[in-house]
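A quick write-up on the structure given underneath.
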Amino acid sequence: MIGLNDGGGVSAGAPTPPSRVRELAADIFADGGHLCAALGLEHRPQQESMALAVAAAMAGDASLLCEAGTGVGKSLAYLLPGIILATDQQRQLIVSTHTISLQEQIETKDLVLCRKLFNTVPALEPYAKFRSTLLVGKANYLCTTRLAQALRGQDSLFASADQKELVRLAEWAQKSKEGLRHELNPPPVPEVWDLVNADSAACSRKHCDGSCFYQQAKARLRGAQVVIVNHSLLFALMAVGGPPGGQATRGVLFPDDFVVLDEAHTVPEVATGHFGLSLSSYGFERLLKSLYHPDKRRGLLCRMGGPSDQLLVADALEASAQFFGFLNEQALAKQPKRRVRQEGVCEPWLDAPVNRLVAALDRIASKMEEGPAHDELVDQQGRLKTYQSGIRQFLTLAEEDHVYWLERGGRKGQIVTLRSAPLDVAPYLREQLFRRDTAVVLTSATLAMGGTMEPFQRRTGSEDTRTCVEHSPFDFENHMRVYAAADVAPPTAQDARLDLEGLIDYLEFCTLRVTGGSLVLFTSHHDLRKAAEALQPVFERAHRPFYMQGADGSRTELTQRLRAAGNGILFGTDSFWTGVDVPGPALSQVIITRLPFEMPTEPVAEARAEWIRGNGGNPFNELTLPDALVKFRQGVGRLIRSKTDRGIITVLDPRLLTKPYGREFLGILPSPRFERLTRANRERIFRPFP
């Protein structure tokens, strides 16, 4: 995926054309400026301040951390300067988000507004023809070259049922506009899609013509001034190499690009997941069976190899079943996750069979003519080597600054994944994000803690980066009421049943007293399910629409249903604490059932706590509490999404009132006042907005 922009790139320190970004940003965002005069938008001093800071950072190829509260209008504050600079200097602006909803907002609303402004103001007309595109992983695209290759060899590659699926894909390719997997309904069979998608060396400009969907996407990308991506793909690409030209090239993904990461509070967590290992038994087995499937007697080696080569694949599959089966039965028998602290958790049973298979693929490839089939085989050989290298790293705990663990997943709990992650992701981000001689802007509504960004800077390696904080312009004091329940048993109570009963009692009271919609945020899937079982009949009798994470659709679908219902009740856990945007009465209350402390038994959290403690620090103060405060702020931030919104925050965790750290949670609430709620006073105290 790296190197979508073909060409040499711009060396670090090379001169670039001048840009009017600072001057034009001042004209656009000033009181009475182009945004106000041309589009009739109200002047927001916080937005103006942020836009000027962003323009200065971009013009100087510097980094910036900017906290921008809800209502600041941060998307326009970075998009308009970014488009101007990208056009002036013929560079690319990479915009990365964490959620699909923000990507959709940028694509369908914010960029449309940018183009409208440029078309309306004569001085800005040169920027109106900017182009934008969405960057997704190669495996999401159909490659017509690989499809044609699969059709020619379908008898040796696929069983009869899969051949029908291949024909369906071929028919779909004739009418598809972008060739993206998510366009297909029903979704493609994974084993068939693996052999026709663009994630292969066989899909390249050398082999593919203009009909290849991925090559078309590359062409759009090369001509785009704005490239939209998600954090997960961004860090996956960064983890495998950075821009073409290596460290001598300015840019993060592409030569001479510059980057904005919105929803940047998630950066440490997402980056941690990509600067380590993730090797699953499922993925490894699919890779081997693409070479040869012993039961179906299909695969690449039916055409390219002989019986002895096919036997090597069967041997590797047997060794894989032994290796991953041992880990599942011995290491994961009692728990779905287990941290690995010492070398030799399993014998390297895969090493010899994979070595023999890699050597055989090398021998076969050396006798083949250059072409898509040759590149296909070499590509699969490279993947095998990557798996082999990763498994060796895992078994030897090769990197001392990483934590290693095993996970069991899948519907039947039979998929075993080997995982690792850096204890401290800051050095990786420092080198691959902040020291690339280009502008990098991180923004979110929640970056600062206690008025300072130092904790976030330490975790992201951005200690030398300039910071700014732009507070929300909304009237929280008059538009938000905060209630804290004082008589719910704390999570540490020995009788968890009574604790859950009290929680359910409060949930029924609070949700039914508010006529608009309620979002109920949990930290435990168990608590969510138990509360849903108890309250769903109650909500049905009250004729209130009820939605539950894990049962009624994706987060996007559930958010849309809550927005449409007007008086719905939605129960959600982790992913619902951030990114949910439901303005108006459809979300009139956010209920936080528990303060969002991460479980210390999670392998990464546990290892980081040990690491901090070993360096003389306090894990709770340096890790657990800051993370919980950020997530709490995000949860609270779901409520007031527009200038006219009004609503209630209800916290059902008594630790907010009884623990010393509770003051820190209260201190970051946007509304300075709160009221204690008890069963004795709640009928009188709890006052929803009319």
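The values are calculated or read from the model by the stated rules, or taken from the named source; none is laboratory data. Source: prediction; values computed, not measured. Glycine gets a Cβ as well: all are built from the backbone with ideal geometry, and neighbour counts include every protein chain shown.
Tabulated data for the structure shown
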| quantity | calculated |
| --- | --- |
| Among the residues listed as Arg641, Arg613, Arg633, the single one being within 24 Å of the chain's Cα centre (by Cα), assigned to a helix (DSSP H, G or I) and not assigned by TED's automatic domain parsing to the domain that holds Thr99 | Arg633 |
| Unique match (being at positive phi, assigned by TED's automatic domain parsing to the domain that holds Ile415 and crowded, with 18+ Cβ neighbours inside 10 Å) among Gly299, Gly371, Gly344, Gly305 | Gly299 |
| Residues within segment 644-659 that are out of contact with any helix residue (DSSP H, G or I) (no Cβ under 6 Å at 6 or more places or on another chain), part of a loop (DSSP other than H, G, I, E, B) and either among the charged types (D, E, K, R) or surrounded by fewer than 19 Cβ atoms within 10 Å (Cβ to Cβ) (or both), tallied | 4 |
| Helices (runs of 4 or more DSSP H) wholly inside segment 102-161 containing at least 1 residues that are under 23 Å from Leu253 (Cα atoms) | 111-120 |
| Test: residue in segment 356-378 that is of a type in the set (A, V, I, L, M, F, W, C) and more than 21 Å from Leu195 (Cα to Cα) | yes |
| Residue among Val267, Val260 that alone is surrounded by 20 or more Cβ atoms within 10 Å (Cβ to Cβ), within 24 Å of Ala139 (Cβ to Cβ) and touching a helix residue (DSSP H, G or I) at 6+ places or on another chain (Cβ under 8 Å) | Val267 |
| In segment 127-146, residue nearest to Leu79 (Cα to Cα) [restricted to those that are surrounded by 21 or more Cβ atoms within 10 Å (Cβ to Cβ) and out of contact with any His (no Cβ under 6 Å at 6 or more places or on another chain)] | Tyr127 |
| Hey, Ser281 in contact with a helix residue (DSSP H, G or I) (Cβ under 7 Å, 6 or more places away or on another chain), farther than 18 Å from Arg430 by Cα, outside the structural domain of Ala150 (by TED's automatic domain parsing) and crowded, with 21+ Cβ neighbours inside 10 Å or not | yes |
| Number of positions in segment 34-47 that are more than 16 Å from Glu67 (Cβ to Cβ) and buried (at least 18 other Cβ atoms within 10 Å of the Cβ) | 2 |
| Odd one out for Arg338 among (1) of a type in the set (Lys, Arg); (2) surrounded by fewer than 17 Cβ atoms within 10 Å (Cβ to Cβ); (3) within 27 Å of the chain's Cα centre (by Cα) | (2) |
| Candidates Gly502, Gly516 - the one that is outside any helix (DSSP H, G or I), in the same structural domain as Asn681 (by TED's automatic domain parsing) and within 28 Å of Ser671 (Cα to Cα) | Gly516 |
| Pairs where the first residue, in segment 422-440, is on the phi > 0 side of the Ramachandran plot and the second is surrounded by fewer than 24 Cβ atoms within 10 Å (Cβ to Cβ) and modelled with pLDDT of 95 or more, C-beta under 8 Å, 6+ apart | Asp437/Asp61 |
| Residues satisfying the stated conditions in segment 660-690, i.e. in contact with an Asp or Glu (Cβ under 7 Å, 6 or more places away or on another chain) and exposed (fewer than 15 other Cβ atoms within 10 Å of the Cβ) | Pro672, Thr678, Arg679, Ile685 |
| Failed item, numbered, when Val488 is tested on (1) in a loop (DSSP other than H, G, I, E, B); (2) within 21 Å of Val259 (Cα to Cα) | (2) |
| Identity of the residue in segment 326-337, in contact (Cβ under 8 Å) with a residue 24 or more places away in the chain and assigned to a helix (DSSP H, G or I), that ends up farthest from Leu291 (Cα to Cα) | Ala331 |
| Filter result for Val189 (among the β-branched types (Val, Ile, Thr) and either under 30 Å from Ser156 (Cβ atoms) or in the same structural domain as Ser320 (by TED's automatic domain parsing) (or both)) | yes |
| Enumeration of residues in segment 539-549 that are surrounded by 13 or more Cβ atoms within 10 Å (Cβ to Cβ) and touching a strand residue (DSSP E or B) at 6+ places or on another chain (Cβ under 9 Å) | Phe539, Arg544, Pro545, Phe546, Tyr547, Met548, Gln549 |
| Search result, residues across segment 174-192 that are in contact (Cβ under 8 Å) with a residue 40 or more places away in the chain and closer than 24 Å to Leu134 by Cβ | Leu180, Arg181, His182, Pro190 |
| Which listed residue is assigned by TED's automatic domain parsing to the domain that holds Gln90, touching a Lys or Arg at 6+ places or on another chain (Cβ under 8 Å) and closer than 28 Å to Leu102 by Cβ, from Val227, Val252 | Val252 |
| Single unsatisfied condition, Leu429 versus (1) assigned by TED's automatic domain parsing to the domain that holds Gln335; (2) assigned to a helix (DSSP H, G or I) | (1) |
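Rundown of residues vs (1) part of a helix (DSSP H, G or I); (2) over 30 Å from Gln342 (Cβ atoms); (3) of a type in the set (Ser, Thr, Tyr); (4) without any contact (Cβ under 8 Å) to a residue 60 or more places away in the chain, yes/no style:
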| site | (1), (2), (3), (4) |
| --- | --- |
| Phe571 | no, yes, no, yes |
| Asp581 | no, yes, no, no |
| Thr601 | no, no, yes, yes |
| Asn621 | yes, no, no, yes |
| Pro626 | yes, yes, no, no |
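This table checks each residue for (1) touching a strand residue (DSSP E or B) at 6+ places or on another chain (Cβ under 6 Å); (2) on the phi < 0 side of the Ramachandran plot; (3) of a type outside the set (Val, Ile, Thr).
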position: Val21; (1), (2), (3): no, yes, no
position: Ala26; (1), (2), (3): no, yes, yes
position: Asp31; (1), (2), (3): no, yes, yes
position: Ala37; (1), (2), (3): no, yes, yes
position: Met50; (1), (2), (3): yes, yes, yes
position: Ala62; (1), (2), (3): no, yes, yes
position: Gly69; (1), (2), (3): no, yes, yes
